[in-house]
1. If R₀ is 41 angstrom, what is the calculated FRET efficiency for the pair S205 and L151, using the beta carbon separation as r and rounding to 0.05?
2. Size of the dipole of the chain about the Cα centre, Lys and Arg at +1 and Asp and Glu at -1 on the beta carbon, nothing else charged, in debye to 20?
3. Could you check the simple spin-label distance between N107 and S465, using points 7 Å along Cα→Cβ, in nm with one decimal?
4. Which entries of K318/K348; K209/K288; K98/K130; K109/K288; K694/K716 show an alpha-carbon separation above 19 angstrom in the structure shown?
5. Determine, for each peptide in 800-810, 387-397, the mean count of other beta carbons within 10 angstrom over its residues, then list the peptides with the highest first.
6. Could you give the length gained by full extension between R750 and D77, i.e. 0.36 nm per residue of separation minus their alpha carbon distance, to one decimal place?
7. Quick one: which of 342-353, 683-694 comes out on top by average Cβ neighbours within 10 Å, and what's the full order, highest first?
8. Using every pair of alpha-carbon atoms in region 606-743, split the distances into 5 Å bins beginning at 0 and state the percent of pairs per bin, rounded to integers.
Amino acid sequence: MKAACGRMLSISAALALLCELAPLRAQPGAARLELAADSGWRFTAGDPSGAEQRSFDDSSWRRLDLPHDWSIESPPDKNNPTGSGGGYFPAGVGWYRKTFRVPPQWNGKRVSVEFDGVYMDAAVYLNGRKLGAHPYGYTSFIFDMTPQLDLSAPNVLAVRVDNSAQPNSRWYTGSGIYRHVRMIVTEPTHVAHWGVFLTTPEVSSGAVKVLARTRVANESAAPAAVSVETTLTDRMGRTVGRAQSAMTVAPQSESEASQQIMVANPALWSPESPNLYRAVTRLLKDGKLVDEVLTPFGIRSLAWSAQTGLLLNGKPIKLNGGSVHHDHGPLGAAAFDRAEERKVELLKAAGYNAVRTAHNPPSPAFLEACDRLGLLVLEEAFDTWRASKVKFDYGRFFDDWWQPDLSAMVLRDRNHPSVIVWSLGNEIPEAFVERGGAMARKLADHVRALDPSRPLTLALPGSSSGPNQAAVFSVLDIAGYNYNLARNYADDHRRAPERVMVSTESFPAEAFEQWRLAQDHPFIVGDFVWTAMDYLGESGIGAWAYGTPEQAAHAARMMAGMPEVVDKLFTAMANGVDIQQAMAQAGGASGPMQLMFPGYPWHAANCGDLDLIGDRKPQSYYRDILWNGGDRVYASVRLPEPEGKKIIAVGWAVYPTLPSWTWPGREGERLQVEVYSGAERVRLWLNGKLIGEKATGRAEQFRALFTVPYEPGTLKAVGLRGNRAVAESVLVTAGKPAALRLSADRTRLRADGQDLSFVSVEALDAHGRRRPDADQEVEFALDGPGLIAALGNGNGSDPAPYQGTRRRLFRGRALVVVRSTRQAGAIRLRASAPGLTEASVTIRTRPAAARPELR
């Protein structure tokens, strides 16, 4: 069973893990059942007539388990209507059907189905009758199935997913039921969905007051006199506080109980110490237990001001953050728990303490991992309000759906200690026109009514001093700046000295400037670079290119003029102009714009500190040294420029460097060696000969550049503090590729059909050194109870599919994702390539604990 922070799990369901539910049986005395409903679905791409009907024949449809993204199963194609923003992947319409039986003991119960996320425009049917629809692809939703549920015959749950209106996003979305599904069974009187809210407004080291608010739903025809019991336990399961309240809930209505519980000597939650507690909420009626839910939470305090910045547990903290989209590179949008956990692990290992969920609510599994591992979260609601950025985006649903979607985000996620800021949106065009202030106020009031404990922000590009922008900022607690903080912060602070600021997006090449601003000004609480990790879609915005000196100068002028263009662009969108159509009529992205938006065969952004398969780029090590200091050194080499050519890296691109001293054919050529250092100085040695020594303090932006004639051998950068060597970074010339190596991040998996192992593939020379320019195509074979869920490399312009058994290495590396089945045993993955010694790795799967599951 997964960790389930932020949504409620019943203790009865947890105990039911010990019982096998195939065939499904109600648990004797169970107050609430929560059943995983991910397995045994039928799927087809297309839109067959009558697929919602119980009698429809789906025997020819593909059988699969969720989570599922059908877009990633096909390679990108430049003719697909998702276009450059969507990575040229297919979309369309798809249907899912699940047939299941329920036991007669469910008679008189309330039965609901909950979806963590479906992209997009989902219509849900039970036995041919429509339960409801949900357009937004990123918020969770629930439907009551009770009236249509058949206790005497098989039931059919059918879901139509319509992602055919394209383009509807500026990045890759995936298509399908890409997050988990579950069925929830309760008594008519029960704790309402997302009905427990825990806050800790007064925190000290000696004691803390926990406020527990519990909404109780009575779906019966008579008043219900109930007792609400809340018990708090620590990570060892010890009771640390308890409260009880009595209340009467009118029929077909909800009421809320409020309780105060004191906890002595609390273990506070922070990124360094992510301590978690649990609240067990028990509902009794006539002395009988009728519902029981478990809510993980953390004890921590938040405060913010221009004078002290952001305080976590009373201590100043800077948000060393990155924006991330929801996909997992080769896996697409499929939100496997392990993939979400790995993403958090990779971010933490790269020095991040915070993440921005751009530009939508994430999966529950992602937030659960952030809670458990200690990563702060700025959770964002929307990329658009009413005014659209692309033709079929969320703007067409905003008026009818903004309130339920905001509610879904806040109610589902407000118990996560990792979530510290709510964002009302990203680069909202209405912020540039008069109506924006009133719209922002409406959204802000709604969020604060649901959760007054967290600050609100919104990410704003362009100028920030106009009356319309000021009206939007006035309803926020923290002002978000996209690419415009450095040029606006001083004037804005003079005009609005109480404003707290954060860089919600910044260019990767501006790492030092953004770090300096946050360090020097308490009212600037941090930076979220665009982006922490490479992602699918926004094709090639971080790519660099070779060009002439004239083209390089033109690109620089274009970037300098972008601020004026941004204001005009967003004002036009707010006034209903279709920017994409206008650009197409003007000739599209040509000339200098082609450098920023290169298009196909690019299908990934290429702007992350980590690449598509999770490997860190040199810029990641530099940012980590800036943020976290320490006597560390990292050496890399700038790509040489051919004669008469310049490397053009504008916008989200950085000048390309490689941590490699393998440059065959360039003997004697003068290469630029870039060294990042948290030490006072660095010395650079080549084959035992001193090349030079340079300071690497703040004045030097913690880096040094050396010119070194290339000769094969050993390049060593040594960090010095005083006269003492405190760190080193060594690059050794690699020989010809001789062998493959497979390295699994986990060699023990659960045989539950959901667990994953991420297997790194490398080409090595005869001495075991990775060959950084190896690009062989590798063939993979798998034996045993597992399957290859995906494979890929770090090249966002490689058009090869992410499914199959073959993948080309990029810079000597690739990745294979192995998925367990429900059968325990040994999985053996083998890799082979012409001229290289093959490699293998064994992954063992153990029987998974039985869990309550809908079959």
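1. Values: r = 54 Å, r/R0 = 1.32.
The formula returns an efficiency of 0.15 here.
2. Dipole magnitude for the chain comes out near 1740 debye.
3. The two pseudo-label positions are separated by 7.5 nm.
4. Violating the 19 Å Cα-Cα cut-off are K209/K288.
5. In descending order of packing, they fall as 387-397, 800-810.
6. Numbers: separation 673, 0.36 × 673 = 242.28 nm, distance 3.57 nm.
In short, 238.7 nm is gained.
7. Listed from highest to lowest mean packing, they are 342-353, 683-694.
8. The percentages, shortest bin first, are 2, 10, 18, 21, 20, 17, 10, 4, 0.
The values are calculated or read from the model by the stated rules, or taken from the named source; none is laboratory data. Keep in mind it's a predicted model, so treat the numbers as computed, not measured. Note that each Cβ is placed from the backbone with ideal geometry, even for glycine, and that neighbours are counted across all protein chains shown. For the accessible areas, the whole protein counts, side chains as well, though only heavy atoms, and no ligand, DNA or RNA atoms are used. Shrake-Rupley method; radii C 1.70, N 1.55, O 1.52, S 1.80 Å.
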